[in-house]
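Written out below as C-alpha cells is the structure these notes cover.
The values are calculated or read from the model by the stated rules, or taken from the named source; none is laboratory data. Only a predicted model underlies this, so the values are computations on that prediction, with no experimental measurement involved. FYI the Cβ positions are ideal-geometry reconstructions off the backbone, even for glycines, and counts take in every protein chain you see. We work out accessible area using only protein heavy atoms, side chains counted, and drop any ligands, DNA or RNA first. Shrake-Rupley method; radii C 1.70, N 1.55, O 1.52, S 1.80 Å.
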Amino acid sequence: MKLQNWLALFICFVSNISAITCCLDNERAALLSFKSQLADPSNRLSSWNGRNCCTWHGIRCSNMLHVVSVDLRNPNPTSFIVNMTSELVSSSNSTSSALIGSISSSLFTLAHIRHLDLSFNNFQFSRIPTRIANLTHLTYLNLSNSMFSDSITTQLANLTSLRWLDLSCSLQVPDFSSISYNLSSQLTVRAGVEYTYIPGGYLSSSNLDWLKGLRNLRGLFLSGVDLSEASKFPQWANPLSDLFNLRSLWLSNCKIMGKVPVNQLLNLTQMYVLAMDFNSFTSQIPVRLANMTSLLALVLTGSNLKGTIPYLPQLQELHVGNTNLTIDLESMFAVPWPRLKFLDIRSSQVIGSIPPSFANTTSLVTFIAYNCFIEGNIPSSMTNLSRLERLHLELNRLVGQIPANNLSGKLPDCITHFPKLQVLYLSLNSFTGTIPSLTSFFKSSNPYIVGLGYNKLTVKLDQQLFSPSFQPQVLDLSSCNISGEIPDFLSNQTQLAFLSLAYNNLSGSIPSWLFHLPNLGCLDLSFNRLQGFLPPTIQMNLFFGPTILNLAGNLLEGLIPSLLENIDAINLSANNFIGCIPPQIGLGNARYISLSGNKLTGQIPVSFCQENNAIMLLDLSNNSLSGSLPGSLGNCTSLSFLNIAHNNLSSSIPAVLGNAKSLSNLDLTGNHFEGPFPAFIQKLQNLVVLKMGCNNFAGKIPHFIGDLKNLRILVLKSNFFNESIPPDINKLEKLQIMDFSDNKLSGTIPEKLDGLKTLITRPMDGDLLGYVFSAMYAGVELSMGYKGLIYRFDVVRTYHSGIDISLNALTGNIPQEMTLLRGLAMLNLSHNALSGEIPSGIGDMSGLQSLDLSFNKLTEGIPETINLLDSLGIMNLSYNNLSGRIPPGTKFDTLSADGWTYVGNEFLCGSPHAKIECKINDGSSDQEPVSEDDTSEKWLLIGIVSAGYVVGFSGYFVVLNLLKERWREGYWMAIDKLASRISVSR
C-alpha cells in the first residue's frame, strides 16, 4: 500500500479509535464530485458528508478502505400504468426519488469498484460514459432504465470480469388498454395482454460483437435495447453462443425480427431463463428448445409466434400468449409436463376444451388462459391440482348458439378442492347455478382476487356467503342476480380494495360505513336500484389501481357531494341528482368525471381546469346546464374527452378552448351555440370525434377541416351552415362517419373522394373509442339515419361508417368517385336537388347496407349492378325522375316488396306504384292494339281532368280571395286528404 494510504489510515485511527472505516481521500473526493453534478429531490445523499465515506448511503468499502460498491439504485421508481384510454399515467403518489443529472468522470477513478448500480435514475439522455471501461474489476453493472441514449459499440468490451450486466431500457408496466366495453352490454377484451413496455431510455446496437469478451457473464439483460438492425443478419446472435456461463438472458421488447435464433442458443447449456417477449418473430416456437435441458423458464408472450407449442418437459414456467398461436390442450397434455408450475397462454387460440389429462400436471401453481376461445366445461379431474393458486379463465366460450366469449354450465364443484387457491377469476363467462358460500372455494389461505362477475350465477348476499376469515382484496360479483339491500356484515371486509356489485338488483340506500372501509379504493355499485342521498364527503383509499367511485344508473337523488377526495374516476351519471355542480369537484385530482343524465342546473363551474388539474374526461351531457362555456376549460392540457351535449348552453364557444390540445373527443350537440364554425378547432390536431350538431352555427364549413388528420367522426347536422362542402374533406383518411344533414349547403358534392382511405377499405373489427374509462363514464354515442330509421350507437366501432348530407340544397351529379367507397355502410343523399344518373359503378360499393337517394332530380334508369350489393337491406329511390324498367333480380324484388322504394318516379315501370306498365316486346310490335273501350276511357279521363281544372282554378280564386282565412285552411286540408287518398289507392 502506498505511503499516503497508510497515513490516511493512521489519521482515521487516531481521530476515532472506534471507527477505522474512513475511506481514502481521493476516493471520497471522487464521490463528492460525482454528487455535485446530480440533483437529489428526495435527499437520498444527505449522508454524504464528513470524512467517513464508507458509511455513506449506498457506499461499501473493502477491508483496505477502497470503495468497492456504489449502489444508488432508485428505491422508489415511479410506477406507471397504461390506462383504459391507452394513456400512460403515473400510479405513484410520492415525489420522484430519482437522481437527475450527468455522471461525473471522477466516478471512474474508483479503480477497485466491483459493484455499480445506478438503475432507475435520470441521466437525461446522456451517453454511456466511455471511461466506464476503466472499471476492469466490475462484476456487477446495472444501468437499467436510467434514461441513457446511445449506441452500444465498444464501451463495455473491456469489462471482462462482468458476471451481471443490465442495460435494459424498457420497463414492463400493467396495460389495460386492451379492455373495452359497450355501455349497453358487458365487458369485452380484444386480443392483447395485460402488460406492455415503456421506454426507460433509448439504446441500440447494430451488432452484438461487443459481447465476445464478456465470457464470464451469468446474467445479461438487454430488454428494450433496439436490435432491429442487428437481427437483419442471419447469424446476428452468434456472439451469444460464446457466453458458456450464461444463466439468464432477457431480450424482451428489442424489436428483433426473423426467427428465434435457437441454433446460437443451444451452446448455452447452463441457461435457465430465456425471455424474448414482445418482439416480431416470423417463425414458430423452435422444437429444438427441448435440447436446452437446463431451461426452466421460457417467455415468448406477444412476439407474433405462429404454429403450436412443442413438447418442452424441462420447463417450470411457460409464457406464450400470442394471438397467432394455435394450442390443442388435449394434444399438448397427452404427454406429461412433470415440472410445469406456471402456464400463461392468454389471448391464444385454443382448440376445443380443457382435457381431463390437463390435471395430471399436479405441480401447476398458476394457469392463465383468458380470451382463448376455450369451449366446454372445466373437467372434474382438476381437483388433482392441489397446488393451484391462480386460475384465470375469463372470456372464453361455448360451442354452438351461445354467443362468442361465453363458457357455460354450472360452476364446477372441483373449484372448491383447490386448497391453495388465492386468485380465482372466472368473470365474463356463462356459468350458471348458485353460490351458497365463497368460503368453500378457499381452504387454507385468504384469496387475493375473487372474480365471478358477468356470468349467469345467482348469489345470495348473506352471512353464509362469507366466513369471518374470508377477507379478499378484490371481490367482483357484478351481474350475479343479487337482490335486496347491501348487508351490514360486509362492513367486516376490512381488506377490500376493490368491490364491484354492479348490474344487480340491489335496493335501499347505500350504507355510510361502505365509504369508510379502510382499504377500499374502487367501489362500483352501478346499474342497481339504489336510492337515497349521498354524504357530502366521500373519500377513497389508495390501492394498486386507479381509485374509482361508480354509482351510475341508480335512483340516487339530492345534491352532488361537495367533496370527492382522492378519487381518480367519478361516475354519478344516470341518477336523479339536482342542483348545481359543486365548485369543489373541479378542484380535486379526478381524471375522469361523469355527471351526465341527471337534473343538474346552473352554470359549469369555472373551477374546472385550474392550475395543475389533471382531468382527462369530463361528461356533463344530458342535464339542464345553462350559461356559456367557461374559458377555464382551455387550461385543461390533459383533457381528452369533453361532452357537454344536450344542455341549454348558449353564446359562442370560447377561443381559449383551443389550448386544450389533447382533446380527441369534443361533443357540443344539442345546445344553443351560435356563430361561425369555431376557428380554434384548427388547433385541435388530436381530434378523433367532433360533434356540433343541433345548434345554431352558421356560415361556411372551413377548409381547415381537412387538416384534422385524426378525425373519424364529424357531425355538423341541423345547423345553418351554407355554401358548398369543402373539397378538403378528401384529406380525412381516417374518416368513417360524416353527417352534414339538415343544413343549407349548396353547390356540388366534391368530385375527389379517393382520399377517404378508411371508407375505401373499411376495417372489420375493433373499437373506435369506448375503452373502459371512456365507456364507463361517457362512451362515444351517435344517432343517425341508418337503414331507414334513426339508430343510436352507444359505442362506435371502426366498422360503423356512413355519409349523410341529406336535407340540403346540393346540385349536380353524384360523383363517380363515390363508388370507390367500398367500405361505406350508409349513404343518404336524399332531399337535395341532385341530377344526372345513378353511377353504374354503385355495385362496387360492397359494404353498402342502406342507400337513400330519394327526393332529388335523378334521371335515366336504375343500374342493374345494385343486384351485386349483398349487404344492401334498405334502398329508397322515391321521388326522382327515374325512367325505364326496374331491373329484375332477387335484390330488387326484396327491396321493392312494398313498392315505396320507387314511388314518385312516374316514368318507371315494373313496380306496384308505377303509372305505366312495362311494354312486352315479343318481336311483332312495339305496342299493344288500343281497343274502343280504351279510347272511350281516354276521352272520359280527359274530360274529367279538364272539368277538374276549371273547377279547381275558379275554386282557387273563390277560396283564396273571397273566403275567410279559416275557410282557406280547411280547403287546403281537404285537398291534402284527397291527395293522400289518391296516393294510397293507386
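Some values worked out for this structure:
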read-out	value
Net charge, Met540 excluded, C-beta distance under 12 Å - Lys, Arg +1, Asp, Glu -1	-3
For region 585-663 versus region 260-300, the gap between their alpha-carbon centres in whole angstrom	52 Å
Hz values of 3J(HN,Hα) by residue in region 145-154 - Karplus curve (6.51, -1.76, 1.60), Gly and Pro given as x	6, 10, 6, 8, 9, 6, 9, 7, 10, 10
Rough spin-label spacing in nm, given labels placed 7 Å along Cα→Cβ, for Thr432 and Ser835	6.5 nm
Backbone HN-Hα couplings from phi across region 316-321 [Karplus 6.51/-1.76/1.60, Hz, Gly and Pro as x]	9, 10, 9, 10, 9, x
Per-residue SASA entry for Glu229, accessible area with 1.4 Å probe, Å² rounded to 10	90 Å²
Rh by Kirkwood over Cα pairs, then Stokes-Einstein D for region 286-405 at 1.306 mPa s and 10 °C, µm²/s	109 µm²/s
Net charge, Ser151 excluded, C-beta distance under 10 Å - Lys, Arg +1, Asp, Glu -1	-2
Computed E for Lys306/Glu330 - FRET, C-beta separation, R0 25 angstrom, nearest 0.05	0.80
Sum of side-chain charges, Leu853 neighbourhood, beta-carbon under 13 Å (Lys, Arg +1; Asp, Glu -1)	-3
For Gly904, residues with placed amide H under 5 Å, excluding near neighbours	Tyr879
Whole-Hz ³J(HN,Hα) from phi, Karplus 6.51 cos²θ - 1.76 cosθ + 1.60, for region 672-677, glycine and proline x	10, 5, 9, x, x, 4
Nonlocal amide H pairs with Gly258, under 5 Å, H built at 1.01 Å	Thr282
Accessible-area order (highest first, 1.4 angstrom probe) of the listed residues Tyr592, Tyr272	Tyr272, Tyr592
Label point distance in nm, His57-Ser102, each placed 7 Å from Cα along Cα→Cβ	2.5 nm
Alpha-carbon spread of region 630-702, three principal axes, descending order, Å	28, 26, 20
Filter on Lys709/Lys744; Lys744/Lys857; Lys661/Lys700; Lys259/Lys757 - keep pairs with C-alpha separation over 22 Å	Lys709/Lys744; Lys661/Lys700; Lys259/Lys757
Gain in span if fully extended, Ala809 to Ser283, counting 0.36 nm per residue against the direct Cα distance	183.6 nm
Amide H within-cut-off set for Gly532, under 5 Å, with H built and near neighbours excluded	Glu557
